[in-house]
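Notes follow the structure.
The values are calculated or read from the model by the stated rules, or taken from the named source; none is laboratory data. Owing to the predicted nature of the structure, the values given are computational and were not obtained by experimental measurement. No Cβ is skipped: glycine too gets one built from the backbone with ideal geometry, and neighbour counts run over all protein chains shown. We work out accessible area using only protein heavy atoms, side chains counted, and drop any ligands, DNA or RNA first. Shrake-Rupley method; radii C 1.70, N 1.55, O 1.52, S 1.80 Å.
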Amino acid sequence: ENSASAGISNEESQILDEFAIESLEKLETIEVNLIQLEENPDDLEIIDAIFRPFHTIKGVSGFLNLMDINKLAHSVESLLDKSRSGEITINEAIVDIVLESVDLLTGMLLEVKIVSDSAPIIPRWKC
């Protein structure tokens, strides 16, 4: 039996569920901050507030071996880090990328939640 169909314990299911719920809450804050960022594209405080949830989701998803979530969060984190360092400036295209990433991550996290609530398998997404 391969890892994609291996059953998960109640404890693992609870950990995945908590991760999904907390991450979804963090993603909700990003959209509000993006609106503020469009008005103030050089505001490092706002950029940091958007960066942190991606950083946290990246770290925890890596620990939980949710590698597609990890890779996407890492990519957005890297993009935002370039903005934090002044290497790039936030513009409409970057805001759109971050918003699309939030949508993708939300879908992935909802799937994790469904799996943790009902199915005895670990999801394997293909981005």
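Apply the membrane-span-like helix rule to the chain: whole DSSP H runs, Cα extent along the own long axis of at least 30 Å, mean Kyte-Doolittle hydropathy at least -0.5. List the helices found. Each step should come with its number before you reach the end.
Working: long enough: 10-39 (45 Å, -0.31); 92-118 (39 Å, 1.07).
Within the chain the helices that satisfy the rule are 10-39, 92-118.
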Accessible area per residue of the chain at 1.4 Å probe, in Å²? 57
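For the chain, compute Rh as the Kirkwood radius over C-alpha pairs and then the Stokes-Einstein diffusion coefficient at 10 °C and 1.306 mPa s; write the answer in µm²/s, rounded to an integer. Please report the intermediate quantities before stating the final value.
Values: Rh = 15.1 Å.
The calculation lands on 105 µm²/s.
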Highest to lowest packing among 70-76, 32-38, scored as the average C-beta count within 10 Å: 70-76, 32-38
Residues with amide H under 5 Å of ILE88's amide H, sequence separation 5 or more or different chain, H placed in the peptide plane at 1.01 Å from N; which? SER83
Computed [θ] at 222 nm, helices only, for the chain once each DSSP H run of length n ≥ 4 contributes -39500 (n - 2.57): -26500 deg cm²/dmol
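So if each residue of separation counts as 0.36 nm, and I subtract the Cα-Cα distance between SER75 and GLN14, what length gain in nm does that give?
Numbers: separation 61, 0.36 × 61 = 21.96 nm, distance 2.69 nm.
Residue separation times 0.36 nm, minus the Cα-Cα distance, leaves 19.3 nm.
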